[in-house]
Structures are given as structure tokens and as C-alpha cells.
1. Within segment 25-40, is even one residue surrounded by fewer than 14 Cβ atoms within 10 Å (Cβ to Cβ) and part of a strand (DSSP E or B)?
2. Every residue in segment 15-32 that is of a type outside the set (Ser, Thr, Tyr) and touching a Gly at 6+ places or on another chain (Cβ under 8 Å), please.
3. Scan segment 86-114 and report the pairs whose first residue is under 20 Å from PHE66 (Cα atoms) and whose second residue is part of a helix (DSSP H, G or I) and open to solvent by less than 10 Å² (accessible area, probe 1.4 Å), with Cβ atoms within less than 6 Å and a gap of 6+ or a chain change.
4. When both residues are 6+ apart or on different chains and their Cβ atoms are under 9 Å apart, which pairs have a first residue that lies in segment 1-24 and is without any contact (Cβ under 8 Å) to a residue 60 or more places away in the chain, and a second that is aromatic (Phe, Trp, Tyr) and open to solvent by 30 Å² or more (accessible area, probe 1.4 Å)?
5. When you scan segment 72-108, how many residues do you find that are exposed (fewer than 13 other Cβ atoms within 10 Å of the Cβ) and part of a strand (DSSP E or B)?
6. Identify, by number, the condition in (1) under 25 Å from GLN12 (Cβ atoms); (2) assigned to a strand (DSSP E or B); (3) out of contact with any helix residue (DSSP H, G or I) (no Cβ under 8 Å at 6 or more places or on another chain) that VAL112 doesn't meet.
7. Being assigned to a loop (DSSP other than H, G, I, E, B) and among the hydroxyl-bearing types (Ser, Thr, Tyr) is the filter here, so list the residues in segment 56-71 that pass it.
8. Of the conditions (1) in contact with a Pro (Cβ under 6 Å, 6 or more places away or on another chain); (2) of a type in the set (A, V, I, L, M, F, W, C); (3) at pLDDT below 95, TRP98 satisfies every one except a single condition; which number is it?
Amino acid sequence: VQLQASGGGLVQAGGSLRLSCKASGINFRINAMGWYRQAPGNQRELVATISSGGSTNYTNSVKGRFLISRDNARNTVYLQMNSLKPDDTAVYYCNTAWRGVQIWGRGTLVTVSS
């Protein structure tokens, strides 16, 4: 079971990035997926989730700016991040649960400059 995230980078405040996370080894279409982030010195926090049916939830700080989506044909979940702020700087991780075990991707660094 593997989650491979990509798409991070350096962007100026107000810019956009799209993160991708490709899953393998799981029945992707039945799994809820999530994006988390961890800024230096902070705990890992939930950013957004998407259910197998496409229902979404967001933490308040990203509502209206971030959009989580999934492509079951590609076993991939996306996080479109718009109007980025310096406070969004963090390592972003994708996550799912499979057979009772939490699965984490390696993480991708997003740096937003002011």
C-alpha cells in the first residue's frame, strides 16, 4: 500500500498550486481520502477530506480557497490550493485508512512567500 504525493513547491502569496496523491495497493474507489499538513513546530492538522461518494469537508482556514477532488479512474486525489497565504506553508500529506491501518504518503513541501 502506497500513497505518493507530488505538486508542492515555492509560490508567492496569492498564487496557486495543485497537489496530487496517487494511491496503490488499495481499493481506491471505496476509500475516503484526506490531506493533512504540518508546519514547522506545529502538530499535523487536517486540511480536507473527501468520501468515497465525493462528499467533502474542509478546515475553516482553507474554506473557499482549497478544493479537494478525486479521480477514481486514476486512483488519485487532488488538492487545488488558491489564494495561498504564508500561513499555508507546511509539508502536506495525503492519508487514508486501509484495513484499520492509517496510511500516510511521504509528504510534499509547500512554501508560500510573502
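1. Our first condition is that a residue be surrounded by fewer than 14 Cβ atoms within 10 Å (Cβ to Cβ); within segment 25-40, this holds for 25, 27, 29-30, 40.
Subset that is part of a strand (DSSP E or B): none.
The answer is no; no qualifying residue exists.
2. Residues of segment 15-32 of a type outside the set (Ser, Thr, Tyr): 15, 17-19, 21-23, 25-32.
Within segment 15-32, LEU17, ARG18, LEU19, CYS21 qualify.
3. VAL112/ASP88
4. Short answer, once both residue conditions are applied: SER20/TYR78.
5. Residues meeting the conditions: 2.
6. (3)
7. Going residue by residue through segment 56-71, those that are assigned to a loop (DSSP other than H, G, I, E, B) are 59, 63-65.
The answer is THR59, and nothing else.
8. Only one criterion in (1) in contact with a Pro (Cβ under 6 Å, 6 or more places away or on another chain); (2) of a type in the set (A, V, I, L, M, F, W, C); (3) at pLDDT below 95 is unmet by TRP98, namely (1).
The values are calculated or read from the model by the stated rules, or taken from the named source; none is laboratory data. Predicted, not measured: the structure shown is a model, and the values here were computed from it. When we count neighbours, we look across all protein chains shown, and the Cβ atoms used for this are built from the backbone with ideal geometry, even at glycine. Just so you know, the surface numbers come from the protein's heavy atoms only, side chains and all, with ligands and any DNA or RNA stripped out. Shrake-Rupley method; radii C 1.70, N 1.55, O 1.52, S 1.80 Å.
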